[in-house]
Amino acid sequence: MKVRPALLGVACLAVMAAGLASAQPKREDPLQAEQRKLQQTQKQLKEEKERAAAARARETSLLAELEENERRLAAKQREVARLEERIKKAQGDVQLFRGEITRLEGQRAGQEHALARRLRAMYRVHAQGGALPVILSNDDPVARANAVRHLASLAVLDARLIQEYRGTSEKLADRKGREESRQRELAGFHEDGKREQAEVDREAAKRRTLLAKVRDERAYHERMVGELTEASQRLEAFIRELQAKQRKLAKVPPPKGGIEPPTIGFAGLKGRLPWPTEGRIVTGFGAQVHPRFGTRTFRNGVDIEAAEGRDVNAVHPGHVVYTGWFKGYGNLIILDHGGEYYTLYAHIAEIEAKEGEDVRLGQRIGTVGDTGSLAGPRLYFEVRYQGKPQDPEQWLRQRG
């Protein structure tokens, strides 16, 4: 059967058209294109979030950096103090050895003088022929016996003088050796002290640099404000936990709203509390606006500027419920005065109160320092009732 040429041509054109259609790219559905773009955007967003999280993880907390710096600084200062004590002890030992050396040298000089006299006497005896002619020169047996006893006594005396001289010389050599050894130790302590003091100076310089950034650069200042706000919130929560614990120990139910504070004990001393330390209030209670950056914060207590090392005293008899480092506050002491009243003392240099003990009015519980402080030595002081901060200036005795 023969195929007609016209039909064959049509078939060829149909095949060619199908081939061209399959060779052309298929047009993408607009919805699928948008979905693909969305997926790419989400992927980029996820990557950006991961990078931001990694950057935040690498970024050191300013308070944590300050805390670590202060810990290193305190450790180095303790080492310097320890070396100073060892230097003082070594210097005392050197002085003691020198005194003994002077005494032994004088003692040995006297012994040498005595031995020199005996040697001269013995020389004169030997120059006259020795001791035997002296003994035999007398015909009286009693006189001879006395001469023999006298010479024997002199020999014993000479032996004792020689022995004492040797003993003194040995002691003198021992003291000189110990004095030289202590001098070498003392030189080593001085070198260690210089090295540790250099470390103290470096750590102090790092601290000054960090505090200068917080004071002068907005970004650092705002970061620190945020971290201090978080620290204040943590302290609030911590005090609530302490209160709950104290109530549980005392088996006292939590207070209900609207209860008036009692008029006895701590509550009756409003305006009459003694100051916790000698100084002046430089930062008051309540809302604060930074004069340069305009940041707003709220102070739950007051800063009392005072000389470093000055006594910090309990303003009322109480029970020590916490002592230790608290981030943002440095060394912190919390006293429970009963009746839901607490006082807090922060930036302490040396904590002297012991957690769990009772303290009396005016008892020294620590010393003023700058731990956790951004502005030098000062005492941060709070009064709290039922967990809420009170204005300490309204509680402290007015000064004339």
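The values are calculated or read from the model by the stated rules, or taken from the named source; none is laboratory data. Because the structure is a prediction, the values reported are computed rather than measured. A quick note on method: Cβ atoms are made from the backbone with ideal geometry, for glycine too, and the neighbour counts reach across all protein chains shown.
Among residues of the range 35-62 that are part of a helix (DSSP H, G or I), those with a Cβ under 8 angstrom from a residue that is at pLDDT 75 or above, sequence gap 6+ or separate chain, pair up as Leu62/Leu210; Leu62/Val214; Leu62/Tyr220; Leu62/Arg223; Leu62/Met224; Leu62/Glu227. The residue that is surrounded by the most Cβ atoms within 10 Å (Cβ to Cβ), among those in the range 354-400 that are touching a Lys or Arg at 6+ places or on another chain (Cβ under 8 Å) and not small (Gly, Ala, Ser), is Val368. The residues of the range 285-331 that are polar (S, T, N, Q) and closer than 19 Å to Ile239 by Cβ, listed by number, are Thr297, Asn300, Thr323, Asn331.
Close Cβ contacts (under 7 Å, 6 or more residues apart or on different chains) running from residues in the range 230-252 that are polar (S, T, N, Q) to residues that are at pLDDT below 90 comprise Gln243/Gly387. Among the conditions (1) within 28 Å of Gly330 (Cβ to Cβ); (2) at pLDDT 90 or above; (3) not polar (S, T, N, Q), Arg58 misses just one, which is (2).
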